[in-house]
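First up is the structure itself, then whatever we jot down about it.
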Amino acid sequence: MNELLVTCTGLTKRYGLKPALNGVNLELGRGRIVGLLGPNGSGKTTLIKILCGLLQPTDGAVAIDGQPVGPYTKSIVSYLPDRMYFAGWMKATDLFDLFADFYGDFDRAKAMSMCASLGVTPSDRLKTMSKGTKEKVQLVLVMARKAQAYLLDEPIAGVDPAARDFILNTILTNYNEDGTVMISTHLISDIEKVLDEAIFLKDGQVVLHNTVDAIREQEGKSVDALFREVFRARNYEGGIF
Amino acid sequence: MFGKLLKYDFRSMLKQFAFIWPAALALAVINRFTLSSLESASATGETVAAVAMMVFVSIMIAMFVITLIFVIQRFYKGLLGDEGYLMHTLPVRPWALIGSKLVCAVVLTVVSTLVAVAAILIIVSPVIDLGEFFHVIRWLWDAVCGGKNAANAFLACVELLLLILLGMAEGYLMLYLAMAIGHLFNKGRAAMSVAAYIGIHVVVSVLLSFTSNVFGDMLYNFFDNLFWGKHDYPWQAVHMSLWISILVVAVGSAVYFLLTEYILRNKLNLE
């Protein structure tokens, strides 16, 4: 087992000429909850997709547990995408079958009990479920695994504040404590209290990566306040007046 | 892992076709009565035959179109659309994802063809004496392929079957490759897939006509020298031409498969 869970070196991704990630260097250890923070379009989703193998970097390299992205890294990464990824004809239980077949770390009993506590009926067809319920099913699939890395892309973006706490609570009570959870979001205040580390992503570059405690100590302000400061400046940087 | 992928691909296929196949057969039974009542209602034999022909053609086209749409959708949506987020994060290699879709597509095509043939036989059964029909086929088979020809004819049938199956696979792999190329673009992916399909067709036909121009005569002379004067010349020629076709189709399939796999492995670009 490699001490570093995730390593990115000089990671660059361009869509056409526009860079979405621009020379990202990043090292993540184990057993942390990390916030991947940045405004829309800062490259959060692109970074997560590269770590999952859904996008290929234009330049640079990625290693997860010391391995390049491939079947092994996919078997230890649990990914919550920013969209629904299942076929409508399936039931939640069909998806549990699928996860149990492909991921050795999927705990079916845990999935069923999570469904019960989230109020999801797993024998319902996904097609008949509301958007919120589908999101819950997806969260159950992701968190019922005992993965080494949980990459959660905007898990709380589309839901009301009450449900946010509910989702965060589900994440916190279910993740594998040896594993690292990476949560991408722009809603900092909602997740600040659970974070160990924060990464600020701006225009495809890491502008800050530190523990939350160190940020509070050095900057004398909350991560949320620092975030507003760092990203507010952008509006006044040149441009047309 | 490949077996598990197959399991899920077959399951999603059966979900759809568990309805479509029986529906086609049920429709055939209904049409059968319409046709027989048409016949008894003193319509001319020609009218009945024309209607039967129309039904025959429409069933074949319908089955063909439904199967093709399904095969395209399973690849486009299942691997390059939102479902791709799930499939490409499973701990499997890209070749397994493509292979599983392909096996499923070929099996689907075979079963759909059988269902379409069964439906047609059901429909025409009041008009055509099926016993007689099969009798004639049997007679033809015996005349051409019976006796000392049996072994060769059987072998040729096996080769033909192999060629047909490989041909299906090649056709689908060409579609897969076109979609894989199309998805590399950030905009207008469907249009780019169509353009890529046309492009591949052009390239392949140029290559084929080039090779047949250059090697065609050579090949013909080679066979002519090889077999001329031998007593089983026709059969040898049949086998040889079938095997050459199989080879050509197999090479095409392999090239499309490898290119598609390369794109999904190294250039995956899910939006």
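Some points to look at:
- Residues in the stretch A:70-98 that are part of a helix (DSSP H, G or I), touching a residue at least 24 places away in the same chain (Cβ under 8 Å), facing another protein chain (nearest Cβ under 9 Å) and closer than 16 Å to A:Leu139 by Cα: A:Leu95 only.
- Qualifying positions in the stretch B:4-18 - away from every other protein chain (no Cβ under 11 Å) and either of a type in the set (Phe, Trp, Tyr) or in contact with a His (Cβ under 6 Å, 6 or more places away or on another chain) (or both): B:Phe10, B:Phe17
- Matching residues, the stretch B:53-107, being under 21 Å from the mean Cα position of the chain (by Cα), aromatic (Phe, Trp, Tyr) and within 29 Å of A:Tyr72 (Cβ to Cβ): B:Phe75, B:Tyr76, B:Trp95
- Answer from B:Gly188, B:Gly229, B:Gly199, B:Gly182 - the residue that is on the phi > 0 side of the Ramachandran plot, of a type outside the set (D, E, K, R) and at pLDDT 80 or above: B:Gly188
- Every pair of residues 6+ apart whose Cβ atoms lie under 6 Å, when the first sits in the stretch B:81-96 and is more than 28 Å from B:Lys187 (Cβ to Cβ) and facing another protein chain (nearest Cβ under 7 Å) while the second is surrounded by fewer than 21 Cβ atoms within 10 Å (Cβ to Cβ) and of a type in the set (S, T, N, Q): B:Pro91/A:Ser75
- Failed item in (1) modelled with pLDDT of 90 or more; (2) away from chain A (no Cβ under 14 Å), with B:Ala237 passing the rest: (1)
- For the criterion of being outside any strand (DSSP E or B) and in contact (Cβ under 8 Å) with a residue 12 or more places away in the chain, A:Asn22 fails.
- Residue check for B:Gly131: surrounded by 13 or more Cβ atoms within 10 Å (Cβ to Cβ) and over 24 Å from B:Phe17 (Cα atoms): no
- Looking at A:Ile50, A:Ile76, just one residue is within 30 Å of A:Leu208 (Cα to Cα), surrounded by 20 or more Cβ atoms within 10 Å (Cβ to Cβ), at pLDDT 90 or above and touching a Pro at 6+ places or on another chain (Cβ under 7 Å), and that residue is A:Ile50.
- A:Ala147 being under 15 Å from the mean Cα position of the chain (by Cα), surrounded by fewer than 20 Cβ atoms within 10 Å (Cβ to Cβ) and in contact (Cβ under 8 Å) with a residue 60 or more places away in the chain: no
- The sole residue among A:Gly60, A:Gly43 that is more than 21 Å from A:Gln148 (Cβ to Cβ), more than 14 Å from chain B (Cβ to nearest Cβ) and within 14 Å of the chain's Cα centre (by Cα) is A:Gly43.
- In the stretch A:202-217, the residues that are surrounded by 15 or more Cβ atoms within 10 Å (Cβ to Cβ) and not in a strand (DSSP E or B): A:Asp203, A:Gly204, A:Val212, A:Ile215, A:Arg216
- Flag for B:Ala151 being assigned to a helix (DSSP H, G or I), at pLDDT below 85 and not basic (Lys, Arg): yes
- Test set (1) closer than 25 Å to B:Leu5 by Cα; (2) of a type in the set (Val, Ile, Thr); (3) not assigned by TED's automatic domain parsing to the domain that holds B:Ile66 - B:Ile200 fails condition number: (1)
- Evaluation of A:Val142 against (1) crowded, with 16+ Cβ neighbours inside 10 Å; (2) not in a helix (DSSP H, G or I) (one fails), failing number: (2)
- Screening B:Ala52 with (1) more than 30 Å from A:Phe96 (Cβ to Cβ); (2) free of Cβ contacts under 8 Å to residues at least 24 places away in the same chain gives one miss only, at (2).
- Residue within the stretch B:228-238 that is assigned to a helix (DSSP H, G or I) and touching a residue at least 40 places away in the same chain (Cβ under 8 Å) present: yes
- Any hit, the stretch A:14-31, residues being surrounded by 19 or more Cβ atoms within 10 Å (Cβ to Cβ), under 14 Å from the mean Cα position of the chain (by Cα) and among the aliphatic types (A, V, I, L, M): yes
- Selection of the stretch B:177-196 for residues being surrounded by fewer than 17 Cβ atoms within 10 Å (Cβ to Cβ) and either among the aliphatic types (A, V, I, L, M) or part of a helix (DSSP H, G or I) (or both) yields B:Leu184, B:Ala190, B:Ala191, B:Val194, B:Ala195.
- Qualifying position, being closer than 28 Å to B:Trp243 by Cβ and either of a type in the set (A, V, I, L, M) or part of a helix (DSSP H, G or I) (or both), among B:Val106, B:Val127: B:Val106
- Restricting A:Glu177, A:Glu197 to residues that are acidic (Asp, Glu), touching a strand residue (DSSP E or B) at 6+ places or on another chain (Cβ under 9 Å) and over 20 Å from A:Leu95 (Cα atoms) narrows the list to A:Glu197.
- Criterion (within 14 Å of chain A (Cβ to nearest Cβ) and either closer than 22 Å to B:Tyr172 by Cα or in a helix (DSSP H, G or I) (or both)) met by exactly one of B:Phe75, B:Phe64, B:Phe56, B:Phe33: B:Phe75
The values are calculated or read from the model by the stated rules, or taken from the named source; none is laboratory data. All of these numbers come straight from a predicted model, not from anything done at the bench. As a convention, Cβ positions derive from the backbone with ideal geometry for all residues, glycine included, and neighbour counts pool all protein chains shown.
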